[in-house]
Every structure is written in structure tokens, then in C-alpha cells.
Amino acid sequence: MKFAYLSAEDAQRLSADLRSVEAGLVGTLSLDTAPILEAHQMYSRRTACLSGYVFGHPALGDGREITTSQLVYMDTEVGIARTVNRWYRLGHPAGTGRA
């Protein structure tokens, strides 16, 4: 199974926009044609992520049960997944009796 939240091209555009904002170059963005959102508010919703027992994480102890940040890409045939924060190598899936 393959899953991709963003295409590489979309991710590059998003990254370029965020770099512009961080550099204070908001005027370079095409905001004059952006839609207007009235009566807006923050809202939380579910998003794809992974959970499981992590090994070799730079900040978390081995064997700790975690839920990852938002899943951006996953290829179970190759055994890799990319979240917003980092790459993961996929071990055995849940339900196989192995961790």
C-alpha cells in the first residue's frame, strides 16, 4: 500500500511559501487572489498518523508506544513512512504478534 498526503511538487510550494513568511517576504505571495474566510476559527480534526512501538528514535526510549505526527507518505512494500517530523522504517504491522 502507498499513501501520499502531498505530492513532492505541492510540498515544495508549501515549503517555499513558509520560507517566504519566515523571511518576512509576505508581499511576494499572491495573497490578493487568495479566498477570504469569514467567521473563521481554529478547528481540530483527525488526520492520518501511525502508532506503534518505536526503536532507535533520537529522543524517545526504545520500546516506547508512540503516536507519530501527521503521516505524509507511506509505502508498506518498501517499508518506509514519512511523517511531518521524520522518516520511519516500518517493522511488523500490528496484529502479527511481533513488536
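The values are calculated or read from the model by the stated rules, or taken from the named source; none is laboratory data. All figures in this text were calculated on a predicted structure; none of them were measured in a lab. Positions of Cβ are backbone-derived with ideal geometry, glycine not excepted, and every protein chain shown enters the neighbour counts. We work out accessible area using only protein heavy atoms, side chains counted, and drop any ligands, DNA or RNA first. Shrake-Rupley method; radii C 1.70, N 1.55, O 1.52, S 1.80 Å.
Rank ILE80, ILE36 by accessible area, highest first, at a 1.4 Å probe radius? Walk me through the numbers on the way to the answer.
Working: ILE80 50, ILE36 145 Å².
Correct descending sequence by accessible area is ILE36, ILE80.
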## Note on the structure
Here, ASP62 and SER15, labelled 7 Å along Cα→Cβ, have an inter-label distance in nm of 3.2 nm
### Summary
Note: VAL84 to THR33 extended length (0.36 nm per residue) minus current alpha-carbon separation gives 15.6 nm
### Query
Under the classification rounded if a/c is under 1.5, otherwise prolate if a/b is larger than b/c and oblate if not, where does segment 36-83 fall, given a ≥ b ≥ c as square roots of the Cα gyration tensor eigenvalues?
prolate
### Query
Residues with amide H under 5 Å of ILE80's amide H, sequence separation 5 or more or different chain, H placed in the peptide plane at 1.01 Å from N; which?
ASP75, LEU90
### Summary
With the convex hull built on the alpha-carbon atoms of the chain, volume per residue in Å³ sits at 162 Å³
### C-alpha long axis of helix 8-22 to longest principal axis of the chain, angle in °
60 degrees
### Task
Compute the Cα gyration tensor for segment 3-61, then decide on rounded, prolate or oblate, letting a ≥ b ≥ c be the square roots of its eigenvalues: rounded whenever a/c is under 1.5, prolate when a/b is larger than b/c in the other cases, and oblate in all that remain.
prolate
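Accessible area per residue, 1.4 Å probe, Å², for the chain: what's the number? List each step's numbers first, then the result.
Numbers: 8470 Å² over 99 residues.
I get 86 Å² per residue for this part.
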### Query
How much of the accessible area of the chain, probe 1.4 Å, is carbon plus sulfur, in whole percent?
54 percent
